[in-house]
């Protein structure tokens, strides 16, 4: 069984960072999730992915993944000061998934992800509703609420639109 443990701060130096994800916001304070249909239900997810050897750093990984998965460019990505340790994932040693925060710069047309050919649906929604849609409990609540706090401080962000918007 996979065990996920949220931590604030940087991952241990000797722990591999296998995934970089971000909680991103539009100018109205809504966050973006991606979704895909699995059977008859929509499954929601955060956007991000695996660092590649050609990525200069975490920010490069994040920007590349957002363009590939949801054709969205970001501005001002910063480290969220948090990560989760994943234990029990197949035969892999424990690894870290980091969380970053950024503002949405530009949202392009939906297009296939070059890695898998899937076209993700995209929704802008409130942070509280994003937590519910993900259905991950604390693994979503802690990073999303911390990201919203950071966005309020760093980007002077305020939640002013409570309407969901499918893109």
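From the set of residues in region 106-121 that are under 25 Å from residue 86 (Cβ atoms) and in contact with a strand residue (DSSP E or B) (Cβ under 7 Å, 6 or more places away or on another chain), which is modelled with the lowest pLDDT?
Checked region 106-121; the qualifying residue modelled with the lowest pLDDT is 118.
Residues being farther than 16 Å from residue 83 by Cα and crowded, with 16+ Cβ neighbours inside 10 Å: count how many of those fall in region 140-156.
The number of residues fulfilling the criteria is 2.
Working only within region 141-156, note down all residues that are in contact with a helix residue (DSSP H, G or I) (Cβ under 6 Å, 6 or more places away or on another chain) and touching a residue at least 60 places away in the same chain (Cβ under 8 Å). Spell out the reasoning first.
First, pick out the residues of region 141-156 that are in contact with a helix residue (DSSP H, G or I) (Cβ under 6 Å, 6 or more places away or on another chain): 141, 144, 148.
Answer for region 141-156, where residues must be in contact with a helix residue (DSSP H, G or I) (Cβ under 6 Å, 6 or more places away or on another chain) and touching a residue at least 60 places away in the same chain (Cβ under 8 Å): 144, 148.
Do the conditions hold for residue 101, that is, is it part of a strand (DSSP E or B), touching a residue at least 12 places away in the same chain (Cβ under 8 Å), surrounded by 17 or more Cβ atoms within 10 Å (Cβ to Cβ) and in contact with a helix residue (DSSP H, G or I) (Cβ under 6 Å, 6 or more places away or on another chain)? Spell out how you get there, then give the answer.
Numbers: part of a strand (DSSP E or B): yes; touching a residue at least 12 places away in the same chain (Cβ under 8 Å): yes; surrounded by 17 or more Cβ atoms within 10 Å (Cβ to Cβ): yes; in contact with a helix residue (DSSP H, G or I) (Cβ under 6 Å, 6 or more places away or on another chain): yes.
Criteria met by residue 101.
I'm checking my understanding of the structure. Among residues of region 53-78 that are at negative phi, in contact (Cβ under 8 Å) with a residue 40 or more places away in the chain and in a strand (DSSP E or B), which one is surrounded by the fewest Cβ atoms within 10 Å (Cβ to Cβ)?
78
Can you tell me which of (1) farther than 13 Å from residue 34 by Cβ; (2) in contact with a helix residue (DSSP H, G or I) (Cβ under 9 Å, 6 or more places away or on another chain); (3) touching a residue at least 24 places away in the same chain (Cβ under 8 Å); (4) surrounded by fewer than 17 Cβ atoms within 10 Å (Cβ to Cβ) is the one residue 118 doesn't meet?
For residue 118, the exception is condition (1).
Can you tell me which residue among 137, 108, 82 is surrounded by fewer than 16 Cβ atoms within 10 Å (Cβ to Cβ) and touching a residue at least 12 places away in the same chain (Cβ under 8 Å)? Show your work before the answer.
On the way: 137 fails: touching a residue at least 12 places away in the same chain (Cβ under 8 Å); 82 fails: surrounded by fewer than 16 Cβ atoms within 10 Å (Cβ to Cβ).
Sole residue among the options that is surrounded by fewer than 16 Cβ atoms within 10 Å (Cβ to Cβ) and touching a residue at least 12 places away in the same chain (Cβ under 8 Å): 108.
Quickly run through region 12-49 and pick out the residues that are in a loop (DSSP other than H, G, I, E, B) and either at pLDDT 95 or above or buried (at least 18 other Cβ atoms within 10 Å of the Cβ) (or both).
Taking region 12-49 first, the residues in a loop (DSSP other than H, G, I, E, B) are 12-16, 26-30, 39-40, 46.
Those that are in a loop (DSSP other than H, G, I, E, B) and either at pLDDT 95 or above or buried (at least 18 other Cβ atoms within 10 Å of the Cβ) (or both): 26, 27, 28, 29, 30, 46.
The values are calculated or read from the model by the stated rules, or taken from the named source; none is laboratory data. Owing to the predicted nature of the structure, the values given are computational and were not obtained by experimental measurement. All Cβ positions, even for glycine, are placed from backbone atoms using ideal geometry, and neighbour counts span all protein chains on display.
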